[in-house]
Amino acid sequence: GDMLQKPRSRGRPNSQAERERDWGRGAAEEAPSTSRGAGSSQEARSASSQGSRRAEASPEVGPRSQQQLELKVAELVQFLLIKDQKKIPIKRTDILKHVIGDYKDIFPDLLKLAAERLEYVFGYKLVELEPKSNTYILINTLEPVEEDAEVRGDQGTPTTGLLMIVLGLIFMKGNTIKETEVWDFLRRLGVYPTKKHLVFGDPKKLITEEFVRQRYLEYRRIPHTDPVDYELQWGPRTNLETSKMKVLKFVAKVHNQDPKDWPAQYCEALADEEARARPETSGPAPSS
Amino acid sequence: MEEGRAERRRRTEAPSHTQGGPRRAGVMTDVHRRFLQLLMTHGVLEEWDVRRLQKHCYRVHDRTAAVEELEDFINNINSVLESLYIEIKKGATEDDGRPVYALVNLATTSVSKMASDFAENELDLFRKALELIIDSETGFASSTNILNLVDQLKGKKMRKKEAEQVLQKFVQNKWLIEKEGEFTLHSRAILEMEQYIRETYPDAVKICNICHSLLIQGQSCETCGIRMHLPCVAKYFQSNSEPRCPHCNDYWPHEIPEVFDPEKEREAATSRATKRSLRSRQH
């Protein structure tokens, strides 16, 4: 759909390998060469034996081997995949602490390579949640399809339905809504803030905590309200993962109507589409 | 819409290059990517469901193409995954030999799926259970014996009641199987951890005489002690009226199980799926 940007020709095995060879050479110039050599004599892909691929990227003073670098990128890819499954944005500090370690000097390159592999192999795009936030999420470049639910191993997110409803409410109400209004609406669907729900569990916790932590929603106290009321808006992840038009289409579908039946929202969604189609100035690529 | 998808696919395909030398990595398309994404939502998946998943991905992205033979399809993906030190590994359930697949980590890194889902004391509980299972004769460790080790766990103190729940969590997440109060390793754990287990417990570990893979449950020769997986026994002694130990030639004293039949499995699964869809329609 519209989430896909024009992919640059990354992920081609030989160009990646060339870059890694350059590292080996570069590092060797600075530090005393070890018996491993500069790594430039190695093949683009080390002819791997089918036997044990066991390796540990131990930090070394001096040039790092091809295999160590490859392994570091592999670790990073796995780390990002695992962390993203929980839908909590991944902090740069966590990446540095748990994966990068002594390879800190080449962190931007490692992250870039990992991002390329993630996109080419898995179809996930690594994006920064907000510019300069130093937190990342994975966006799916593949459109989810209804039948995915039948072949998944997890429940996907049954909570997605509830999230979509709340996102729809927020957008239709002019991009911000009071919490009390949300519950007024949800009550009609049998969803209460104080009552345990068969599918959603604790709806209040889900909406005001979980979705907020996952950055789908923003939840802010409205000052000078008595009793205290809060306002809900779209969070940064929502803008990255979906769009006003998609949400409007969802709302229209639910009402069995056409998105154009809401002219104000339709105009707004169109403008949003146009803004997205414009080439990005500084893309959401990881900032160094 | 169709054109856009096909176009996108072409753009994101890496051009196949023949540099000579090291073997050429395969090419990923959206079919493969969706397959991987959805496969990852399962810890382990039976072959019949893997085929279903494969067909689904073709249906979404490339209706016109012929569905590639599963083995080739997976080998293609694995050649791409190689540089990431992961692979789609094929194994079989130890009790009835059903082929299963899991996405496993080939390198021992600090990052692991299990480590991210469980706390330090929970992981240590698993390790204790694992050791009991490996040391056991039957491949099973009793709940009681595992729970008795609760005081020795690293990390936050865990009570037996809590440990019981953690064990259930392991079962739900397909790390362990429970049978009548005893626990053994799920095929997922065997696929993922075989390397780790063989390296960490080289003396205690049991190996199958036929396939030379890690053995947790199986049959053993009472004379010379060699062991075989049940499905390996089934295949080796298939239509042999006088089964004898491949090592010492003594009479094989155990009942020979049936070889796993995918046809029968498909019939059973279709009836299961029909029941499942009927159930979901009722909601």
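FYI, it's all coordinate maths here, none of it is from the lab. The shown structure was predicted, so the numbers you read here are calculated from the model rather than taken from an experiment. Note that each Cβ is placed from the backbone with ideal geometry, even for glycine, and that neighbours are counted across all protein chains shown.
Using all alpha carbons of segment A:147-242, what is the percent of pairwise distances in each 5 Å bin, ordered from the shortest bin to the longest?
3, 12, 22, 25, 19, 11, 4, 1, 1, 0
Please arrange B:161, A:132, B:169 by counting, for each residue, the other beta carbons lying within 10 Å of its beta carbon, fewest first.
Least crowded to most crowded, the residues run A:132, B:161, B:169.
Quick check on segment B:207-262: take the gyration tensor over C-alpha atoms, sort the square-rooted eigenvalues as a ≥ b ≥ c, and tell me if it's rounded (a/c under 1.5), prolate or oblate.
It comes out oblate by the Cα gyration axes.
Do any of A:173/A:195; A:87/B:90; A:97/B:156; B:128/B:161 go past 19 Å between their Cα atoms, and which?
Long pairs (Cα-Cα over 19 Å): A:173/A:195; A:87/B:90; A:97/B:156.
Under the rule of at least 5 residues apart or a separate chain, name every residue whose amide H is placed under 5 Å from the amide H of residue A:65.
Amide H neighbours of residue A:65, under 5 Å, 5+ apart: none.
Could you compute the longest span of chain B free of GluC sites (Glu not before Pro) located in DSSP loops and having at most 10 other Cβ atoms within 10 Å, not counting the site residues?
Formally, the longest exposed-site-free interval is B:181-254.
Given H placed 1.01 Å from N in the peptide plane, which residues other than close sequence neighbours of residue B:177 have an amide H under 5 Å from its amide H?
Under 5 Å from the amide H of residue B:177: B:184, B:185, B:186.
Kindly identify chain B as rounded, prolate or oblate by the Cα gyration tensor criterion: order the square roots of the eigenvalues as a ≥ b ≥ c, call it rounded if a/c is under 1.5, otherwise compare a/b with b/c, prolate if a/b is larger, else oblate.
Here chain B falls in the prolate category.
Reachable aspartates and glutamates from residue A:204, Cα under 18 Å, same-chain residues fewer than 8 places away excluded?
Those aspartates and glutamates meeting the cut-off are A:179, A:181, A:184, A:218, A:229, A:231.
Please report, in whole Å, how far the alpha carbons of segment A:185-237 spread along each principal axis, starting with the longest.
Its Cα atoms span 33, 29, 15 Å along the three principal axes.
Go ahead and collect, in residue order, the members of segment A:124-142 whose backbone nitrogen is under 19 Å from a label point 7 Å along the Cα-Cβ direction of residue A:249.
Counting backbone N atoms under 19 Å from the label point, the list is A:139-142.
Take the Cα coordinates of segment A:188-280, assign each an equal point scatterer, and use the Debye formula without solvent to give log10 I(q)/I(0) at q = 0.17 Å⁻¹.
Each listed q maps to, in turn, -0.99.
Rounded to the nearest whole Å³, what is the per residue volume of the convex hull around the Cα atoms of segment B:30-84?
80 Å³
Over segment B:128-283, what lengths in whole Å, largest first, do the semi-axes of the equivalent ellipsoid take, defined as the square roots of 5 times the eigenvalues of the alpha-carbon gyration tensor?
For segment B:128-283, the ellipsoid semi-axes come out as 30, 27, 13 Å.
Give the Rg (one decimal place) followed by the Dmax (whole number) of segment A:66-140, computed from C-alpha coordinates and expressed in Å.
11.4, 33
Summarise the long-distance tail of P(r) for segment B:99-168 by giving the % of C-alpha pairs beyond 21 Å.
Within segment B:99-168, distances greater than 21 Å cover 35 percent of Cα pairs.
Return the average number of partner chain Cβ atoms within 10 angstrom of each residue Cβ along peptide B:37-48.
Mean partner shielding for this stretch: 4.
On alpha-carbon atoms, Rg over Rh for segment A:70-229 using Kirkwood Rh?
1.04
What is the fewest-to-most order of A:246, A:178, B:179 by other Cβ atoms lying within 10 Å of their Cβ?
B:179, A:178, A:246
List residues of segment B:132-152, by number, whose backbone nitrogen lies under 16 Å from a label position 7 Å along Cα→C-beta of residue B:171.
B:140-147
Would you kindly give the portion of the calculated P(r) for segment B:113-216 that falls above 19 Å, as a percent of all Cα pairs?
Details: 2111 of 5356 pairs.
Percent of Cα pairs beyond 19 Å in segment B:113-216: 39.
Need one number: nm distance between label points at residue B:247 and residue A:140, each 7 Å from Cα along Cα→Cβ, rounded to one decimal.
My value for the distance between the label points is 4.9 nm.
Taking one equal scatterer on every alpha-carbon of segment B:50-171, how large is log10 of I(q)/I(0) by Debye at q = 0.10 1/Å?
-0.50
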